[in-house]
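All remarks here apply to the structure that follows.
The values are calculated or read from the model by the stated rules, or taken from the named source; none is laboratory data. Note that the structure is a prediction, hence the values are computed from the model and not measured. Virtual Cβ from ideal backbone geometry, glycine too; neighbours counted across all protein chains shown.
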Amino acid sequence: MSQDLLDDLELRMEGALENYRRELGGLRTGRANPALLDGVRVDAYGAMTPISQVGNISVPEARMLTIQVWDANLAPAVEKAIRESDLGLNPAGEGQLIRVPLPDLTEERRRDLVKVAGRFAEETRVAVRNVRRDGMDKAKRMEKDSEISQDELKVLSESIQKLTDSHVKQVDEGLSNKEADIMQV
């Protein structure tokens with residue numbers, strides 16, 4: 001029973017970490033990455049659709065993204081969606097092909113991106129700690145309902161804390177790597 005609880009908590013913490021990695025992948029570092037456009041939604045056929053579902057995103061150069069839109073009628077909507085996103089990008093359309101050059105990051109913009117990465121990290125730490133709190137509550141309830149002994153509760157609590165520490169450490173490592181990546185000129 002206690003192993004099931006640990007497995008459930010680890011799965012939930014891994015989900016929070018995966019979301020965190022996805023958010024960090026969307027932060028601009030000066031190099032082109034298709035994940036940069038993951039959060040951009042296009043008004044396609046009356047519905048807000050992820051940009052990856054209206055065309056192919058590729059990286060022909062280190063500082064250039066291209067989107068090959070499948071429906072030429074959607075090209076202006078894709079350009080508009082990219083321009084209106086808070087990514088600071090200025091796309092140029094050529095029929096069904098949209099070129100998105102990545103401008104150099106200023107020092108100020110780099111610091112802003114580091115702050116955003118820090119905010120993502122803190123939100124993830126909070127999510128991991130909330131999972132820990134839920135696990136501790138369940139463990140205490142199990143002990144209260146005589147499903148486990150006090151000794152087993154102590155061992156389970158230590159295991160939950162180790163799991164939490166491990167995931168928080170991964171968040172911190174991801175943040176320091178992303179900060180180094182963003183600040184690299």
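For this structure, a couple of remarks:
- Of the residues making up segment 136-159, not a single one is among the small types (Gly, Ala, Ser) and in contact with a Pro (Cβ under 8 Å, 6 or more places away or on another chain).
- Filter result for Lys115 (among the basic types (Lys, Arg) and over 28 Å from Arg21 (Cβ atoms)): no
- Against the criterion of being surrounded by fewer than 19 Cβ atoms within 10 Å (Cβ to Cβ), under 13 Å from Asn33 (Cα atoms) and among the basic types (Lys, Arg), Arg63 qualifies.
- Subset of segment 17-28 [surrounded by fewer than 20 Cβ atoms within 10 Å (Cβ to Cβ) and of a type outside the set (D, E, K, R)]: Leu17, Asn19, Gly25, Gly26, Leu27
- Selection over segment 3-35 of residues that are free of Cβ contacts under 8 Å to residues at least 60 places away in the same chain and under 18 Å from Arg109 (Cα atoms) gives a count of 3.
- For segment 66-79, the tally of residues that are surrounded by 15 or more Cβ atoms within 10 Å (Cβ to Cβ) and over 26 Å from Asp181 (Cα atoms) stands at 6.
- Picking from residues in segment 11-55 that are farther than 21 Å from Gly118 by Cβ and in contact with a helix residue (DSSP H, G or I) (Cβ under 6 Å, 6 or more places away or on another chain), the one that is modelled with the lowest pLDDT is Leu37.
- Scanning segment 131-153 for residues that are part of a helix (DSSP H, G or I) and surrounded by 13 or more Cβ atoms within 10 Å (Cβ to Cβ) gives Val131, Arg132, Asp134, Gly135, Met136, Lys138, Ala139, Lys140, Met142, Glu143, Glu152, Leu153.
- Criterion (on the phi < 0 side of the Ramachandran plot, buried (at least 18 other Cβ atoms within 10 Å of the Cβ) and more than 22 Å from the chain's Cα centre (by Cα)) met by exactly one of Ile98, Ile82: Ile98
- Within segment 101-110, the residues that satisfy the criterion of being of a type outside the set (Asp, Glu) and surrounded by fewer than 13 Cβ atoms within 10 Å (Cβ to Cβ) are Pro103, Thr106.
- One residue stands out among those in segment 31-60 that are within 20 Å of the chain's Cα centre (by Cα) and assigned to a loop (DSSP other than H, G, I, E, B): the one that is surrounded by the fewest Cβ atoms within 10 Å (Cβ to Cβ), which is Arg31.
- Screening Thr124 with (1) surrounded by fewer than 19 Cβ atoms within 10 Å (Cβ to Cβ); (2) under 19 Å from the mean Cα position of the chain (by Cα) gives one miss only, at (1).
- Some residue of segment 110-128 being out of contact with any Gly (no Cβ under 9 Å at 6 or more places or on another chain) and of a type in the set (S, T, N, Q): no
- Test: residue in segment 102-113 that is farther than 30 Å from Gln68 by Cα and in contact (Cβ under 8 Å) with a residue 12 or more places away in the chain: no
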